[in-house]
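Visitor: Quick one: the structure is below, questions incoming.
The values are calculated or read from the model by the stated rules, or taken from the named source; none is laboratory data. As the structure is a computational prediction, the values presented were derived from the model and not from experiment. Neighbour counts are summed over all protein chains in view; Cβ atoms, including those assigned to glycine, are modelled from backbone coordinates with ideal geometry. Each accessible area value is taken on the protein alone, full model and side chains, heavy atoms only, with ligands, DNA and RNA left out. Shrake-Rupley method; radii C 1.70, N 1.55, O 1.52, S 1.80 Å.
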Amino acid sequence: MGFPVVGVVGGGQLARMMAGPAIGLGIELRVLARDPHDSAAQVVPGTTVGAEDDLDELRAFAVGCDVLTFDHEHVPTAHLRALEADGVVVRPGPDALEHAQNKLVMRRRLTDLGVPCPRWAEVTDAASLTTFGDEVGWPVVLKTARGGYDGKGVRLVGSAADAGDWLARATEVPLLAEERVAFTRELAVLVARSPHGQAAVWPVVETVQVDGVCREVYAPAPVTEDHALAAQRAALQIADGLGVTGVMAVEMFDTESGVLVNELAMRPHNSGHWTIEGARTSQFEQHLRAVLDLPLGDTTTTAPYVVMANVLGAEHQDMYAGYLHCLAHDRGIRLHMYGKDVRPGRKVGHVTALGGDAEDVRERARHAAAFLRGDSDDTAG
Ligand code: ADP
């Protein structure tokens, strides 16, 4: 009895950002991190150092946790099933999580549920890829079913010959081919669902990707009400259909004829960082409430426009050097740093701006993110 203990597998920035709401709620958070210097390990006392793919270490970590949840999707499904068999409460559970770990499993299930997706096929060899490409038109998007992130594990191929290296390994690393969608923008819908079946959805956001990495998020997305509602409905249907517990991000493509689901993440997500200041309940608090089967909070926005910009590492190492300027320049800007080593292109933090004018809010967020990484652009004035 008393306040519960939530164990988070993974010590990245998502676990780190759960720490604030856990403190507020008086819930004990524990983290299983790979390295004592990981982002969350720096702020969560008593972090356990261990590997998420070692069942014995997972078992030891789970002792004393009322619920186990994740900051990434890399725990093998078999280990999660073993933990459940031991009586550990795992949220989201392996049956749901598998759909965020394996894009083929996800496509099959969403197709069965009738959720709109790009046309797709499982590809086992050059012949099956050629048949699919001839049917939907080249180039096609080829993806590894497992292990991709930030666009790694995704490539555009003009013919089966372009994919020879991946096709040679298709028996070990199964492949998924998709039609190349002519999207007008990329969207994300964040939804939370509790074991009771209560669900809450935030407004649909636009995500701007550069070289496969999310650069900015605009809340709300500038889409028609029809598309926004269809996107939210699809996210709720997926959460319910898959029995998701906790927060899930559904990445989508907006097209002339409607929205199509790209992929799923079953945890708080980069597309939801704006909710820390921009929504009445942040994705991190909501995730804790959902996995603890507590009632979910209000997801309405706190301002007409909210923009989150990721701070990507550059050659410039000292992120703190930019604080004086950023905070003096813009009293409304909110800075978040993850305590990670600065490496070029790596997500090391994010900034959030809120306000009543969409273009102004974007400009403020963009300026702060650029300034922190050491690009003193001409909007500093
Ligand atoms: P990852 O798991 O690495 O994030 P995604 O499946 O999200 O991979 O794909 C990364 C990016 O590739 C997407 O954000 C989108 O820009 C592009 N992409 C993925 N699938 C398609 C598709 N079927 N059509 C067009 N672009 C796509």
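Visitor: Which of the residues belonging to the stretch 330-346 are closer than 20 Å to Gly212 by Cβ, among the charged types (D, E, K, R) and at pLDDT 95 or above?
Guide: Selection gives Lys340 alone.
Visitor: Taking the conditions exactly as written (touching a His at 6+ places or on another chain (Cβ under 9 Å) and touching a residue at least 24 places away in the same chain (Cβ under 8 Å)), does Arg267 satisfy them or not? Don't jump to the end; show me each part of the working.
Guide: Values: touching a His at 6+ places or on another chain (Cβ under 9 Å): yes; touching a residue at least 24 places away in the same chain (Cβ under 8 Å): yes.
Spelling it out, Arg267 is indeed touching a His at 6+ places or on another chain (Cβ under 9 Å) and touching a residue at least 24 places away in the same chain (Cβ under 8 Å).
Visitor: Of all the residues that make up the stretch 102-122, how many are of a type in the set (Val, Ile, Thr) and surrounded by 15 or more Cβ atoms within 10 Å (Cβ to Cβ)?
Guide: Selection size over the stretch 102-122: 2.
Visitor: A follow-up question, please. Does the stretch 250-259 hold any residues that are at pLDDT 95 or above, surrounded by fewer than 23 Cβ atoms within 10 Å (Cβ to Cβ) and over 18 Å from Gly153 (Cα atoms), and which are they?
Guide: Step one: of the stretch 250-259, the residues at pLDDT 95 or above are 250-256, 258-259.
With the extra rule that they be surrounded by fewer than 23 Cβ atoms within 10 Å (Cβ to Cβ), the set shrinks to 251, 253, 255-256, 258.
Across the stretch 250-259, the qualifying residues are Phe253, Thr255, Glu256, Gly258.
Visitor: To continue, here is another question. Exactly one condition in (1) closer than 23 Å to Ala19 by Cα; (2) open to solvent by less than 10 Å² (accessible area, probe 1.4 Å) is not met by Cys326; state its number.
Guide: (1)
Visitor: Continuing with this model, one more query. Could you tell me which residue of the stretch 63-76 is farthest from Leu292 (Cα to Cα), considering only residues that are in contact with a Gly (Cβ under 6 Å, 6 or more places away or on another chain) and surrounded by fewer than 23 Cβ atoms within 10 Å (Cβ to Cβ)?
Guide: His72
Visitor: Right, next: Are there any pairs, at least 6 apart or on different chains, whose C-beta atoms fall under 6 Å, with the first in the stretch 105-129 and in a helix (DSSP H, G or I) and the second among the small types (Gly, Ala, Ser) and surrounded by fewer than 21 Cβ atoms within 10 Å (Cβ to Cβ), and if so, which?
Guide: If the second residue must be among the small types (Gly, Ala, Ser) and surrounded by fewer than 21 Cβ atoms within 10 Å (Cβ to Cβ), the pairs left are Leu113/Gly241.
Visitor: Just to be sure, is Ser271 at pLDDT 95 or above and hydroxyl-bearing (Ser, Thr, Tyr)? Give the steps one after another, and end with the answer.
Guide: Numbers: at pLDDT 95 or above: yes; hydroxyl-bearing (Ser, Thr, Tyr): yes.
The answer is yes for Ser271.
Visitor: Now a separate question. Which one is nearest to the ligand (Cβ to nearest atom), of the residues in the stretch 197-206 that are open to solvent by 10 Å² or more (accessible area, probe 1.4 Å) and assigned to a strand (DSSP E or B)?
Guide: Of everything passing the filter in the stretch 197-206, Glu206 is nearest to the ligand (Cβ to nearest atom).
Visitor: Also, I was wondering about something else. Every residue in the stretch 123-179 that is open to solvent by 50 Å² or more (accessible area, probe 1.4 Å) and either within 14 Å of the ligand (Cβ to nearest atom) or among the aromatic types (Phe, Trp, Tyr) (or both), please.
Guide: Answer for the stretch 123-179, where residues must be open to solvent by 50 Å² or more (accessible area, probe 1.4 Å) and either within 14 Å of the ligand (Cβ to nearest atom) or among the aromatic types (Phe, Trp, Tyr) (or both): Trp138, Arg146, Gly147, Tyr149, Asp150, Lys152, Val154, Arg155, Leu156.
Visitor: If you don't mind, another one. Determine, yes or no, whether Gly87 is open to solvent by 30 Å² or more (accessible area, probe 1.4 Å), on the phi > 0 side of the Ramachandran plot and touching a residue at least 40 places away in the same chain (Cβ under 8 Å). Show your work before the answer.
Guide: On the way: open to solvent by 30 Å² or more (accessible area, probe 1.4 Å): yes; on the phi > 0 side of the Ramachandran plot: yes; touching a residue at least 40 places away in the same chain (Cβ under 8 Å): no.
Taking the combined requirement at face value, the residue does not satisfy it.
Visitor: Going by the structure shown, is Ala62 of a type in the set (Gly, Ala, Ser), touching a strand residue (DSSP E or B) at 6+ places or on another chain (Cβ under 7 Å) and within 15 Å of the ligand (Cβ to nearest atom)?
Guide: Working: of a type in the set (Gly, Ala, Ser): yes; touching a strand residue (DSSP E or B) at 6+ places or on another chain (Cβ under 7 Å): yes; within 15 Å of the ligand (Cβ to nearest atom): no.
So Ala62 fails the test.
Visitor: Test of understanding: among Arg146, Arg185, Arg193, which residue is among the charged types (D, E, K, R), more than 29 Å from Pro76 (Cα to Cα) and touching a residue at least 24 places away in the same chain (Cβ under 8 Å)?
Guide: Values: Arg146 fails: more than 29 Å from Pro76 (Cα to Cα); Arg193 fails: more than 29 Å from Pro76 (Cα to Cα).
Result of the check over Arg146, Arg185, Arg193: Arg185.
Visitor: Sticking with this one: Identify, from the list Leu55, Leu97, Leu32, the residue that is buried (at least 21 other Cβ atoms within 10 Å of the Cβ) and free of Cβ contacts under 8 Å to residues at least 60 places away in the same chain. Break it down into steps so the answer makes sense when it comes.
Guide: Numbers: Leu55 fails: buried (at least 21 other Cβ atoms within 10 Å of the Cβ); Leu97 fails: free of Cβ contacts under 8 Å to residues at least 60 places away in the same chain.
The unique qualifying residue is Leu32.
Visitor: Let me ask you something else. When you look at Gly381, is it more than 24 Å from Val205 (Cα to Cα), buried (at least 16 other Cβ atoms within 10 Å of the Cβ), at pLDDT below 95 and more than 22 Å from the chain's Cα centre (by Cα), yes or no? Don't jump to the end; show me each part of the working.
Guide: On the way: more than 24 Å from Val205 (Cα to Cα): yes; buried (at least 16 other Cβ atoms within 10 Å of the Cβ): no; at pLDDT below 95: yes; more than 22 Å from the chain's Cα centre (by Cα): yes.
Spelling it out, it is not the case that Gly381 is more than 24 Å from Val205 (Cα to Cα), buried (at least 16 other Cβ atoms within 10 Å of the Cβ), at pLDDT below 95 and more than 22 Å from the chain's Cα centre (by Cα).
Visitor: Can you tell me which residues in the stretch 207-225 are of a type in the set (A, V, I, L, M), away from the ligand (no atom under 13 Å from the Cβ) and not in a loop (DSSP other than H, G, I, E, B)? Walk me through how you get there before you give the answer.
Guide: Here is the first cut: in the stretch 207-225, the residues of a type in the set (A, V, I, L, M) are 208, 210, 213, 217, 219, 221, 223.
Among the residues that remain, those that are also away from the ligand (no atom under 13 Å from the Cβ) are: 219, 221, 223.
Correct list: Ala219 only.
Visitor: Let me ask something additional. Here is a list of conditions, (1) under 13 Å from the mean Cα position of the chain (by Cα); (2) within 16 Å of the ligand (Cβ to nearest atom), and Gly258 meets all of them except one; can you say which number that is?
Guide: (1)
Visitor: When the residues of the stretch 261-294 are filtered to those that are in contact with a Ser or Thr (Cβ under 8 Å, 6 or more places away or on another chain), assigned to a loop (DSSP other than H, G, I, E, B) and of a type outside the set (Lys, Arg), which remaining residue is nearest to the ligand (Cβ to nearest atom)?
Guide: Restricting to residues being in contact with a Ser or Thr (Cβ under 8 Å, 6 or more places away or on another chain), assigned to a loop (DSSP other than H, G, I, E, B) and of a type outside the set (Lys, Arg), the top hit is His273.
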